[in-house]
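Presented below is the structure to which this report refers.
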């Protein structure tokens, strides 16, 4: 591992290096890491910015959406003059200004089965900050089949949730389909444009998401694999729910029905909500 840091890097990351749990070795791990962020909106903005500030060596950004005025209430990687621009390109510009030492790879596309197979193996960890069931289920399936850890967060109104999926490691690690085998029926969950979201809630959840990514890379603390963190901002209450592996799971069970990504060949229209939500479903925008 390359522990040769420039004076500028030592100064920039000095507060990390002071931490016994990080140090120079941990900072070198962050510099060598490659993280894919899918969705450069409400969650992806704080997530990508904190990953860049932490010194993640390479950050991939996936988003085919264009910035609208209504996005700026929460999507802090962008600004008013960039309205109309692709979000991945806009977020990349902000990241480069924040930390020129980070390599940013822009993928201005909507993730589908083909692009998931091509992109995911190029990164160490994948982050889900998307706003539709189609992409969330695609990411959950692809990360399991392609052997990558998935850090997934979602928000709606005043609530947020966060978990880590590592089902490719086997054992007791559940996958996304252990919680929800199939997407909910259309219309069951309100869209973000219908239900609304407090902008700061996306900032908190995206920041927590970045914390879990850094912990995974550094190998420190207790991760959220097998647990679902739920946050109610109005009551300022956090609670954690234990997730268990489903022995009949169609993806990670002993007799899986899903062995490739062929079921995602034709993605349905986007619906603004997460696939991993409990009864009070939340959205990722």
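Descriptive notes on the structure:
- If only residues of the stretch 32-48 that are out of contact with any helix residue (DSSP H, G or I) (no Cβ under 6 Å at 6 or more places or on another chain), touching a residue at least 60 places away in the same chain (Cβ under 8 Å) and part of a helix (DSSP H, G or I) are counted, the one that is farthest from residue 78 (Cα to Cα) is 44.
- The conditions of being crowded, with 20+ Cβ neighbours inside 10 Å, outside any helix (DSSP H, G or I) and either under 19 Å from the mean Cα position of the chain (by Cα) or touching a residue at least 24 places away in the same chain (Cβ under 8 Å) (or both) are not met by residue 26.
- Residues of the stretch 221-236 that turn out to be within 20 Å of residue 202 (Cβ to Cβ) and either in contact (Cβ under 8 Å) with a residue 12 or more places away in the chain or under 22 Å from the mean Cα position of the chain (by Cα) (or both), as a count: 8
- Among the candidates 268, 256, the residue that is assigned to a loop (DSSP other than H, G, I, E, B), at pLDDT 60 or above and either out of contact with any strand residue (DSSP E or B) (no Cβ under 7 Å at 6 or more places or on another chain) or farther than 21 Å from residue 164 by Cα (or both) is uniquely 256.
- Restricted to strands (runs of 3 or more DSSP E) entirely inside the stretch 59-166, no element has at least 2 residues that are closer than 17 Å to residue 208 by Cβ and out of contact with any strand residue (DSSP E or B) (no Cβ under 8 Å at 6 or more places or on another chain).
- The stretch 167-185, subset touching a helix residue (DSSP H, G or I) at 6+ places or on another chain (Cβ under 9 Å) and outside any helix (DSSP H, G or I), residue modelled with the lowest pLDDT: 184
The values are calculated or read from the model by the stated rules, or taken from the named source; none is laboratory data. Computed from a prediction, not measured in an experiment: that's the story for all the values here. Reconstructed Cβ throughout: ideal geometry from the backbone, glycine too, with neighbour counts over all protein chains shown.
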